[in-house]
Structure formats: structure tokens, C-alpha cells
1. Any chance you could count how many residues in region 254-292 are more than 14 Å from Phe211 (Cβ to Cβ), in contact with a Phe, Trp or Tyr (Cβ under 8 Å, 6 or more places away or on another chain) and polar (S, T, N, Q)?
2. Only one of these is touching a helix residue (DSSP H, G or I) at 6+ places or on another chain (Cβ under 7 Å), charged (D, E, K, R) and farther than 18 Å from Pro381 by Cβ: Asp272, Asp297. Name it.
3. Please find, among His123, His112, the residue that is touching a strand residue (DSSP E or B) at 6+ places or on another chain (Cβ under 8 Å) and either outside any helix (DSSP H, G or I) or aliphatic (A, V, I, L, M) (or both).
4. Restricting attention to region 65-102, and to residues there that are among the hydrophobic types (A, V, I, L, M, F, W, C) and assigned to a loop (DSSP other than H, G, I, E, B), which single residue is surrounded by the fewest Cβ atoms within 10 Å (Cβ to Cβ)?
5. When you look at Ala33, is it over 27 Å from Arg197 (Cα atoms) and of a type in the set (A, V, I, L, M, F, W, C), yes or no?
6. Hand me the list of strands (runs of 3 or more DSSP E) wholly inside region 235-316 holding 1 or more residues that are farther than 30 Å from Arg69 by Cβ.
7. Any residue in region 280-289 that is closer than 27 Å to Ala359 by Cβ, in contact with a helix residue (DSSP H, G or I) (Cβ under 7 Å, 6 or more places away or on another chain) and surrounded by fewer than 21 Cβ atoms within 10 Å (Cβ to Cβ)?
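The values are calculated or read from the model by the stated rules, or taken from the named source; none is laboratory data. Here the structure is a predicted model, which is why all the values come from computation and not from measurement. Here Cβ is always computed from backbone atoms with ideal geometry, including for glycine, and neighbour counts include all displayed protein chains.
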Amino acid sequence: MVELFGETLTRDDIRRRSGQLAAYGGVRLMELADGPERGIRLLEFRTGSGLRFTVLVDRAMDIAEVEWRGASLGWHGPSGLRSAALHEPEGEGGFGWARSFTGFLVTCGLDHILAPDEVDASHYGYPGIRTLRHGLHGRIANIPARLTGYGETWEGDRCILWAEGTVRQATTFGEHLVLTRRIEADLGGHEIRLTDRVVNQGFAPTPHMFFYHVNLGAPLLAEGARYLAPIADVVWAAHAARYRDQGMGYAVVPAPQDRFAEQVWQHETAADARGEVPVALLNDRLGLGLQVTTRKDQLPCLYQWQHFQAGAYALGIEPSTHHVLGNQAARDRGEMIWLTAGEERRYDARFTVLDGAGALANAEARIRAIAVQPDDPYPVPSGKFRPLTGRPQP
């Protein structure tokens, strides 16, 4: 059954009331037509309950806008959307990635995440390329997808809105990794479901790193909004010496600042009995929140990105395969994921809108039942990067 506008409707009820499902919701393909975003294909999802979001086919099937009953939940960065044809992956010393950095979901990987780095490439066996230079957060976010399908599917009286696509990151003398992504939402629902599968379609052992850069912005992000996670330990903090100088800890969001140096944390999280890790941003004034749920066995690390600069005001929830130490450190510590020919990794995520004081209270209770985060807004990082096991090295 579908819950819409105070009614419980069957498939036949909806068919009788309109000539098309589009009266209630659906998925449609569109193309942007002006400025640097010209030519970008996107899919618009409408669930009918008030959840609307767009999927960027030409940017790795990432999610751009997320709105709940007209209120934006995702981040709109100053660069705006930018065609992949304009992207310069080697630009600005590897930081050119930031000129396309906007939207609710930005995927990072597939063979590198975090800061620009130069690493050994001898595993590919090509004498002309002995090292690889990686830019910030890798290449995947600016590669167009091949759209393999989208639409609406009925399972009895349940209607699932869906889209699928593949994104290929490949070169002749290096990696050949393919991301297959499926995005779903229920008609009448308030949740986005994401299923990713990364496969090594080459024949050389290939490094794999991956994380979701989930970016929240105004009006959900506002002064007094609260960050909640089942934090068992605060492991690391960038620029730790100046956190107190800025007067902003990790737990409560300030108003936009004129001169703000970004803050990044890594937290060690606990999981619930199902192996899930829920993390949320709650805006009590609006009675609105967003919860990100991932699996500890798939994405064992969690970063928190705070960029409270006026004009680029954002908070990032970032579940990751690796510690914040980076690519070379993952190799040195024996924690790099090396995918052999045909080997794959799967990642599952849910993005849930929390509407009303009751939903916020339930999310907070669930998270606190797993682990209670530190009361101190400036917890001293432990520096204890636990070993990431089960990752044999070549």
C-alpha cells in the first residue's frame, strides 16, 4: 500500500484517479541547458510525500538536490554544477576537483581518496608509468555514467522509483574499475536507498578506496543544529590546535562565519546489532533532520567535515573504507584494499528524512543506544587508528 495525502492507496486506486502515475510521483530524465552545467543529464525523483531529489547521470550518478516539502537538505556549493567536459583532474596541484564540488552526495574514489598524493604504480607492470599522481578524492565524481535504466516498478501495491547506471574509471596502463549504482525510493516514502558495486574488470591487482561525501546545507544546516553519531572514540582532528580558537566544536553548528578554517574529524563509531551505523544532523527549530545509515563492515571509518564559511556553509557526513591518513599510509599499514581480477566490493547506504519532533527524538534515542558521543565539544583525539583487517596485500 502507498500512503499519500492522508490516504492508503492501492495500485488500482492510483490508476483510477489519474491517467499517469506522474500525478503522484515518478522519475523523469531531463537535461540542463545553460552555463557551465549545460548538457548535464539528470533524473528527477518525486515520491509524492514531499521528497524530491535529482540524480546527476553525467556526474557518476551522484545526488545533487534533496528537498523535503520545499526545504533544501543538501548543500549548494559556490561552484554550482559543472559539466564533466570542463573538469581538469590534474588542475591546481590536484585541487581542481573543488571547482565541481557541490551537491548532496559526491562519491570519492575509486582508487584514491583524500589529499593529493603520488604513489607507486609498479603493480600495473608498465615501465613508462612508475608512479601515479592522484588529485583530491580521486576521479570518479566527474565521470559520466552510462544510464542503463530508470522508471517505476510495482511489487504488488508497493511502487518503487528507481534508476541504475554504470561508471567506468579506466586507462590502458592502469586501473579498470567499474561502479554499478542503483538508487531507489518508494512512492509515498521519505528515504533514498543506494546500492553500489565496484568491480575490478581488469587483470592486474588494483587498489581501491571509497567514501561518500554527504553534504548538508541551509536551511537544514543552521545555527544550533546538532550532529549525532554513535562515537566510541574521537581518533583524529585536522588543525586541532586552532579548534578552540575558532570557538566551534564538533557537536553544535554555529552561524556562518566570515573567516573560517575548515575542520575535519575522524570518529571511531560503534554499530547496532544489525551492523549499521546511523549518523544524523538534527534541526530542532525546524523539526527536521537527515540521517545517513551505512554498514560498519563496508565503511568502517567516519569523517566529519565542517566548513562553516559564509557563502560556502556546509557540513559533511563521510563514511569511508579507510582512515583519514591517506593512500600511502593505507599501503604502508597493509590496509589498502587490493581488488584482484573480477573481485568486487558492495556498499549500501540509506538517506532518511526525519520530519517532526517525534522522528528527531527517535533517531537520537537510536543513536545514543548504540554509543553516547562525548559531551566535550573539543574532545582530545586519541590518535588510535585501529587496524583495518582482512585486506591481504599483493
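1. Qualifying residue count, region 254-292: 3.
2. Working: Asp297 fails: touching a helix residue (DSSP H, G or I) at 6+ places or on another chain (Cβ under 7 Å).
After applying the criteria, what remains is Asp272.
3. Values: His123 fails: either outside any helix (DSSP H, G or I) or aliphatic (A, V, I, L, M) (or both).
Checking each option against the conditions leaves just His112.
4. Filtering region 65-102 for residues that are among the hydrophobic types (A, V, I, L, M, F, W, C) and assigned to a loop (DSSP other than H, G, I, E, B), the one surrounded by the fewest Cβ atoms within 10 Å (Cβ to Cβ) comes out as Phe95.
5. Numbers: over 27 Å from Arg197 (Cα atoms): yes; of a type in the set (A, V, I, L, M, F, W, C): yes.
Answer is yes for this residue.
6. Working: elements: 263-269, 276-283, 288-295, 301-307.
Strands (runs of 3 or more DSSP E) meeting the threshold: 263-269, 301-307.
7. Checked region 280-289: at least one residue is closer than 27 Å to Ala359 by Cβ, in contact with a helix residue (DSSP H, G or I) (Cβ under 7 Å, 6 or more places away or on another chain) and surrounded by fewer than 21 Cβ atoms within 10 Å (Cβ to Cβ).
Residue-by-condition table, conditions (1) modelled with pLDDT of 95 or more; (2) among the polar types (S, T, N, Q); (3) in contact with an Asp or Glu (Cβ under 9 Å, 6 or more places away or on another chain); (4) within 23 Å of Val214 (Cα to Cα):
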residue	(1), (2), (3), (4)
Val27	yes, no, yes, yes
Gly35	yes, no, no, no
Gly50	yes, no, yes, yes
Gly74	yes, no, yes, yes
Gly77	yes, no, no, yes
